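Novice: Pasting a structure below so you can have a look.
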Amino acid sequence: MTTGDQDVLKERLLRAIEPHVVFDGWSDTSFAAAVADAGVAPDLARAACPRGALDLAVFFHRQGDRAMLARVEEGTDLSALRYRDRIATLVRFRLEAVADKELVRRAASLFALPAHAAEGARLVWGTADLIWKALGDSSQNINWYTKRATLSAVYSATVLYWLGDETPDNSATWAFLERRIEDVMQIEKLKARLRENPLSKRLLAGPMWAAGKLRAPAGTRAQDLPGHWDEGENTNDDRA
């Protein structure tokens, strides 16, 4: 079965499992019901989704990522916005790609389990990475990591707030997102002041030298994570 065939089958199973997730979560029970409803042979379904509902939950998340990028590629002009507003817009696009919050709520419960927490963290990191790439991020040093780690935290907090938001058009969520981004901006301003202060600059010389040696992953291959250590010239880039 090719990757394209697997995606078509996953799409079919995803549509079938969604009504069951609301009641039974992303579970074996829901997966079995989806296989039956979709009229897919169980062996074929397991070939496409070896981990059952977990693989469909991952596929569901990545579908949202693709919908976010598609909305940008359709012609959304971000150039007139401040950089912080561009970030907020893409996070908003990502959440607006979800038609049913309950599917995300159930997925959050699934990925909160110790056995699946690493998978959930990878998905959130992947979303943050796609947002930065869509914004043209070209950082190659420690900033590659700090940008994605910071945005992952902002995104995760915003999702949790959004799940409980009952305001019209989720207006409270967008205000919450603005506050979280403002908090990050204050941290960046503090970091800039520390770098400019002669005393703190000397105190941080060692850590900054070490951070300057860390490089972003080469390409997008998973085996390149988590990056590499550069023994060559320090070309530290402190751009936010």
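Coordinate-derived values only; no laboratory data. Keep in mind it's a predicted model, so treat the numbers as computed, not measured. Cβ: placed from backbone, ideal geometry, glycine included. Neighbour counts: every protein chain shown.
Novice: Across region 77-88, what is the total count of residues that are more than 18 Å from L163 (Cα to Cα) and touching a residue at least 12 places away in the same chain (Cβ under 8 Å)? Can you show your working first?
Specialist: The first filter runs over region 77-88 and keeps only residues more than 18 Å from L163 (Cα to Cα), leaving 77-87.
Retained after the next criterion (residues that are touching a residue at least 12 places away in the same chain (Cβ under 8 Å)): 78, 83-84, 86-87.
Number satisfying all stated conditions: 5.
Novice: Mind checking whether some residue in region 43-56 is surrounded by fewer than 20 Cβ atoms within 10 Å (Cβ to Cβ) and either touching a residue at least 60 places away in the same chain (Cβ under 8 Å) or within 16 Å of S156 (Cβ to Cβ) (or both)?
Specialist: Checked against the condition, which is being surrounded by fewer than 20 Cβ atoms within 10 Å (Cβ to Cβ) and either touching a residue at least 60 places away in the same chain (Cβ under 8 Å) or within 16 Å of S156 (Cβ to Cβ) (or both), region 43-56 yields no hits at all.
Novice: If you don't mind, another one. How many of the residues in region 19-34 are of a type outside the set (S, T, Y), in a helix (DSSP H, G or I) and within 14 Å of L110 (Cβ to Cβ)? Please lay out each step first, then the result.
Specialist: At the first step, the residues of region 19-34 found to be of a type outside the set (S, T, Y) are 19-26, 28, 31-34.
Now drop any that are not in a helix (DSSP H, G or I), which leaves 19-24, 28, 31-34.
Narrowing the set further to residues that are within 14 Å of L110 (Cβ to Cβ) leaves 20-22, 24, 28, 31.
So the count comes out to 6.
Novice: If a residue must be surrounded by fewer than 17 Cβ atoms within 10 Å (Cβ to Cβ) and touching a Leu at 6+ places or on another chain (Cβ under 8 Å), how many such residues does region 20-37 contain?
Specialist: 1
Novice: Residue under question is A47, and the condition is that it be farther than 16 Å from G136 by Cα and touching a Lys or Arg at 6+ places or on another chain (Cβ under 8 Å); does it hold? Give the derivation first.
Specialist: Values: farther than 16 Å from G136 by Cα: yes; touching a Lys or Arg at 6+ places or on another chain (Cβ under 8 Å): no.
No: the conditions fail for A47.
Novice: Scan the helices (runs of 4 or more DSSP H) fully inside region 45-134 and keep the ones with 2 or more residues being aromatic (F, W, Y). Break it down stepwise before answering.
Specialist: Working: elements: 53-73, 83-96, 101-111, 117-134.
So the answer is 53-73, 83-96, 117-134.
Novice: When region 138-178 is examined, which residues are found to be touching a residue at least 40 places away in the same chain (Cβ under 8 Å), among the hydroxyl-bearing types (S, T, Y) and not in a helix (DSSP H, G or I)?
Specialist: Across region 138-178, the qualifying residue is only S139.
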